[in-house]
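Enquirer: There's a structure below that I have some questions on.
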Ligand code: UD1
């Protein structure tokens, strides 16, 4: 069991470079199997979720390697169209292979990913949409078999909620479909635009990504491509929050600041000074953080649910009371019980968390419940004067590349024990 030992209480200072986006990398890696030739992907972070995705690609028959900092995929040898249950369980977002494998082989067999630490995570929207594209679906006790031996056919798909994963699955599945697909009420996250850029680099015809209606004109085949994934806005915001909670001055380079607009607004409301350059954000924390207006998580361009835990941690040190409302995932407050060990004063009532800022947090031993909740605990430990331990950091490794090394660039004292 790995853990972090953190000697907190010092203001963080320095520059760090933001990693590539996890949430872009996973669908892009899955979509690479549509290509007739070699795919070169740059800026893919080293994460356990990426390793799990590469394992699935290898199982399906792709050759994958890391070369000069890029991931190189040769999908020409695809021979399987099933994803075994153990690989599905390793990473819940493996459902992103649904559209890709179906489009490539005319068939896919996988297991429903089931609920996870942050919520139920049903995949009904994915399945309904794939059905609209003409696939036949058998869903028996969690095992899902989709077939479309003659290929998929374009359709108009109206999502009842702008699900990120369902939008991505339809975009990937419909690239090689006969005719035109229109996704209405599509998710607008930057990762959707990144996926569209990658699909188009392979020769697909995707337009409207980043808007509510995405149109995909099916093409006969896709070809080799090179693509660099966008910076990880969630990891970037977490690093800025580390500067804020410790009263420090930090700069995160290699970012696309526009992707962080709703988060930057909260940092500013909390009294942080922000300097934005074309690809970096500098945060200068105030002497004492201030409470902010109610933060409500929403689909992009709203405030991201993934940044709710790190920002909640920051607000635990703000003068006054802040309120967070989590509208996306129903179980996203599990970390709050652990945050309280640091002396945070937070009450949770259903989807609402009421945070009474404390002047100080105290060192504690805490257990990571999930990926972003784990990041919130690391932030609390960085701000608490003394030695804290955070265990079960395998959750953190799913989404933060070598977090201890990145934070060390800010002179944080953090050590991993395996
Ligand atoms: C993606 C991100 C995740 C982020 C989330 C919301 C990846 C790998 N993960 O997850 O980090 O927190 O977007 O920005 O990119 N829903 C249904 N039925 C469905 C699909 C979704 O009810 O078929 C619900 C979910 O339970 C959830 C909400 O819709 O309550 C949002 O889910 P969705 O946008 O699909 O998130 P993911 O793609 O799973």
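Throughout, read-outs are computed from the coordinates displayed, never taken from laboratory work. Computed from a predicted structure; not experimentally measured. For neighbour counting, all protein chains shown are included, and Cβ atoms are generated from backbone atoms with ideal geometry for every residue, glycine included.
Enquirer: Nearest 10 degrees, 0 to 90: what angle lies between the long axis of helix 48-60 and the longest principal axis of the chain (Cα atoms)?
Expert: Here the helix axis deviates by roughly 10 degrees.
Enquirer: Another one. Provide the percentage of antiparallel DSSP beta bridges, counting only those with both residues in the chain; round to the nearest 5. Spell out each step's value before the answer.
Expert: Working: 58 of 81 bridges.
Percent antiparallel among DSSP bridges in the chain is about 70.
Enquirer: Once the Cα gyration tensor of the chain is found, what semi-axes does its equivalent ellipsoid get, as square roots of 5 times the eigenvalues, in whole Å, sorted largest first?
Expert: Working: eigenvalues 288, 87, 80 Å².
After diagonalising the Cα gyration tensor, the semi-axes are 38, 21, 20 Å.
Enquirer: Where does helix 22-31 land angle-wise versus the long Cα axis of the chain, in degrees 0 to 90, nearest 10?
Expert: 10 degrees
Enquirer: Would you mind ranking 398, 233 so that the residue whose beta carbon has the fewest other beta carbons within 10 Å leads the list?
Expert: Values: 398 22, 233 27.
Fewest-to-most ranking of 398, 233: 398, 233.
Enquirer: State log₁₀ I(q)/I(0) for the stretch 39-184 at q = 0.14, 0.15 Å⁻¹ as given by the Debye formula over alpha-carbon point scatterers of equal weight, solvent excluded.
Expert: -0.68, -0.78
Enquirer: How many times 2.2 N^0.38 Å is the alpha carbon radius of gyration of the stretch 310-368? Please list the in-between numbers first.
Expert: Details: Rg = 10.9 Å, N = 59, 2.2 N^0.38 = 10.4 Å.
Rg over 2.2 N^0.38 Å, computed on Cα atoms: 1.06.
Enquirer: Moving on to the next point. Rounded if a/c is under 1.5, else prolate if a/b is larger than b/c, else oblate: which is the stretch 273-318, with a ≥ b ≥ c the root eigenvalues of its Cα gyration tensor?
Expert: Details: a/c = 2.20, a/b = 1.08, b/c = 2.05.
The shape class here is oblate.
Enquirer: Give, in nm to one decimal, the length gained when the segment between residue 418 and residue 347 is fully stretched (0.36 nm per residue of separation minus the Cα-Cα distance).
Expert: On the way: separation 71, 0.36 × 71 = 25.56 nm, distance 3.33 nm.
Fully extending the segment from residue 418 to residue 347 adds 22.2 nm.
Enquirer: Next question. Quick one: what do you get for the stretch 241-314 if you divide its Cα Rg by 2.2 N^0.38 Å?
Expert: Against the empirical 2.2 N^0.38 Å value, I get 1.03 for the stretch 241-314.
Enquirer: Taking the square root of 5 times each eigenvalue of the Cα gyration tensor, what semi-axes in Å does the equivalent ellipsoid of the stretch 302-418 have, largest first? Spell out each step's value before the answer.
Expert: Details: eigenvalues 96, 56, 30 Å².
The equivalent ellipsoid of the stretch 302-418 has semi-axes of 22, 17, 12 Å.
Enquirer: Principal axes first, then extents: for the Cα atoms of the stretch 43-118, list largest minus smallest coordinate on each axis, whole Å, largest first.
Expert: 37, 32, 17
Enquirer: For helix 190-201, what angle does its Cα long axis make with the longest principal axis of the chain, in degrees from 0 to 90 and rounded to 10?
Expert: Helix 190-201 and the main axis of the chain meet at about 30 degrees.
Enquirer: Find how much the distance from residue 51 to residue 331 grows on full extension, using 0.36 nm per residue of separation minus their present alpha carbon separation; answer in nm with one decimal. Could you put the intermediate results ahead of the total?
Expert: Details: separation 280, 0.36 × 280 = 100.80 nm, distance 2.58 nm.
Roughly 98.2 nm would be gained on extension.
Enquirer: Kirkwood Rh over alpha-carbon pairs of the stretch 130-185, then Stokes-Einstein at 25 °C and 0.890 mPa s: what D in µm² s⁻¹, rounded to an integer? The partial results should precede the final answer.
Expert: Details: Rh = 11.8 Å.
In µm²/s, the coefficient is 208.
Enquirer: May I pose another question? Could you tell me the convex hull volume per residue, in Å³, taken over the Cα atoms of the stretch 354-414?
Expert: Numbers: hull volume 5.6 nm³, N = 61.
Cα-based convex hull of the stretch 354-414, divided per residue, equals 92 Å³.
Enquirer: Please label the shape of the stretch 31-87 as rounded, prolate or oblate, based on the square roots a ≥ b ≥ c of the eigenvalues of the alpha-carbon gyration tensor (a/c under 1.5 means rounded; beyond that, a/b larger than b/c means prolate, else oblate).
Expert: Values: a/c = 2.40, a/b = 1.18, b/c = 2.03.
Since a/c reaches 1.5 but b/c is at least a/b, the shape of the stretch 31-87 is classed as oblate.
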